[in-house]
Amino acid sequence: MKIGILAYQGSFEEHALQLKRAMIKLNVSGDILPVKKTGDLKQVDGLIIPGGESTTIGIIAQKLGVLDDLKSKITEGTPVLGTCAGAIMLAKDVTDAKVSKKSQPLIGEMNIQVIRNYYGRQRESFEATLDFSVIGGGKGRVVFIRAPAIVKTWGEAKSLITLQGVTVMAEERNMIATTFHPELSNTTIVHEYFLDHVKR
Ligand code: GLN
């Protein structure tokens with residue numbers, strides 16, 4: 001299998017490392033490649049959209065003409081894991097906790113409502129322990145960095161994991177969204193869960 005990581009910005013290396021660890025655990029082999037252009041996208045069986053700044057990621061993808069191809073790749077059923085800014089990119093409905101109505105280029109395929117910067121500014125970033133039993137894991141420590149919140153899911157989208165009543169991980173068909181950074185964690189369970197989707 002070939003797993004692509006959208007590589008305009010954000011934690012490519014950390015995701016690649018965590019993927020490798022998950023591959024070893026599941027005893028699967030695969031290549032990990034950076035995705036920047038449509039040609040890269042065509043080759044992959046699964047895609048990770050990392051954190052960063054969703055506005056920046058969206059604008060770059062649009063300028064390079066990759067945004068529409070990302071949409072089609074995902075509607076075709078390619079498994080995708082969007083983390084933090086990546087979750088924002090996937091959402092159909094995005095608002096900002098501070099800035100009132102400002103539109104940004106999105107993939108916009110997932111039936112979730114997301115509020116950007118829900119927990120506050122950079123210095124309000126925090127660590128938390130999550131219970132990953134619904135996806136076959138145990139407890140894991142994860143980081144929230146200027147994180148968004150998934151405040152609503154509808155249609156086929158469902159909330160998988162919550163923290164203090166707020167959804168931090170959701171899924172809909174081939175799409176998985178986390179508001180935290182699973183690549184910065186002592187558990188590889190989210191990457192394992194994503195790889196399970198790719199294997200199917
Ligand atoms: N606050 C960023 C945004 O709105 C997301 C932060 C992150 O990906 N760590 O795009």
Does Ile115 count as within 13 Å of the ligand (Cβ to nearest atom) and crowded, with 23+ Cβ neighbours inside 10 Å? no
Spot the failing condition for Asp196; the list is (1) in a strand (DSSP E or B); (2) among the acidic types (Asp, Glu); (3) over 14 Å from the mean Cα position of the chain (by Cα), and only one is missed. (1)
Evaluate the following for Ala85: is it under 23 Å from Glu192 (Cα atoms) and surrounded by 20 or more Cβ atoms within 10 Å (Cβ to Cβ)? yes
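State which residue is modelled with the lowest pLDDT when the search covers only region 88-103 and only residues that are surrounded by fewer than 19 Cβ atoms within 10 Å (Cβ to Cβ) and not hydroxyl-bearing (Ser, Thr, Tyr). Step through it out loud before you land on a result.
Here is the first cut: in region 88-103, the residues surrounded by fewer than 19 Cβ atoms within 10 Å (Cβ to Cβ) are 92-93, 95-103.
From what's left, not hydroxyl-bearing (Ser, Thr, Tyr): 92-93, 96-99, 101-102.
On the way: Lys92: 97, Asp93: 95, Asp96: 84, Ala97: 71, Lys98: 72, Val99: 70, Lys101: 63, Lys102: 70.
The residue in question is Lys101.
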State all residues of region 37-75 that are within 15 Å of the ligand (Cβ to nearest atom), outside any helix (DSSP H, G or I) and among the aliphatic types (A, V, I, L, M); if no residue qualifies, say none. Ile48, Ile49
Of the candidates Val142, Val66, Val94, the one satisfying the condition of being within 15 Å of Ile176 (Cβ to Cβ) and among the β-branched types (Val, Ile, Thr) is Val142
Across region 1-33, what is the total count of residues that are more than 16 Å from the ligand (Cβ to nearest atom), aliphatic (A, V, I, L, M) and touching a residue at least 40 places away in the same chain (Cβ under 8 Å)? 8
Please give the number of the condition Ala97 fails out of (1) out of contact with any Ser or Thr (no Cβ under 7 Å at 6 or more places or on another chain); (2) in contact (Cβ under 8 Å) with a residue 24 or more places away in the chain; (3) of a type outside the set (Lys, Arg); (4) within 18 Å of Gly51 (Cβ to Cβ). (2)
Residue check for Val190: closer than 21 Å to Ile57 by Cβ, within 14 Å of the ligand (Cβ to nearest atom), touching a residue at least 12 places away in the same chain (Cβ under 8 Å) and crowded, with 16+ Cβ neighbours inside 10 Å: no
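Would you mind stating whether Met1 is in contact with a helix residue (DSSP H, G or I) (Cβ under 6 Å, 6 or more places away or on another chain) and either on the phi < 0 side of the Ramachandran plot or not β-branched (Val, Ile, Thr) (or both)?
On the way: in contact with a helix residue (DSSP H, G or I) (Cβ under 6 Å, 6 or more places away or on another chain): yes; either on the phi < 0 side of the Ramachandran plot or not β-branched (Val, Ile, Thr) (or both): yes.
Here the answer is yes, as Met1 does meet what is asked.
For region 69-91: of the residues being hydroxyl-bearing (Ser, Thr, Tyr) and over 11 Å from the mean Cα position of the chain (by Cα), which is nearest to Phe180 (Cα to Cα)? Full working, then the answer.
Going residue by residue through region 69-91, those that are hydroxyl-bearing (Ser, Thr, Tyr) are 72, 75, 78, 83.
The next check asks that each one be over 11 Å from the mean Cα position of the chain (by Cα); those that pass are 72, 75, 78.
Values: Ser72: 25, Thr75: 24, Thr78: 22 Å.
Only one residue tops the list, namely Thr78.
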In region 34-69, residue surrounded by the fewest Cβ atoms within 10 Å (Cβ to Cβ) [restricted to those that are in contact (Cβ under 8 Å) with a residue 60 or more places away in the chain and more than 29 Å from Arg121 (Cβ to Cβ)]: Asp45
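The values are calculated or read from the model by the stated rules, or taken from the named source; none is laboratory data. Everything quoted here is computed from the prediction, not taken from an experiment. Methodologically, a virtual Cβ is constructed for each residue, glycine included, from the backbone with ideal geometry; neighbour enumeration extends over all protein chains shown.
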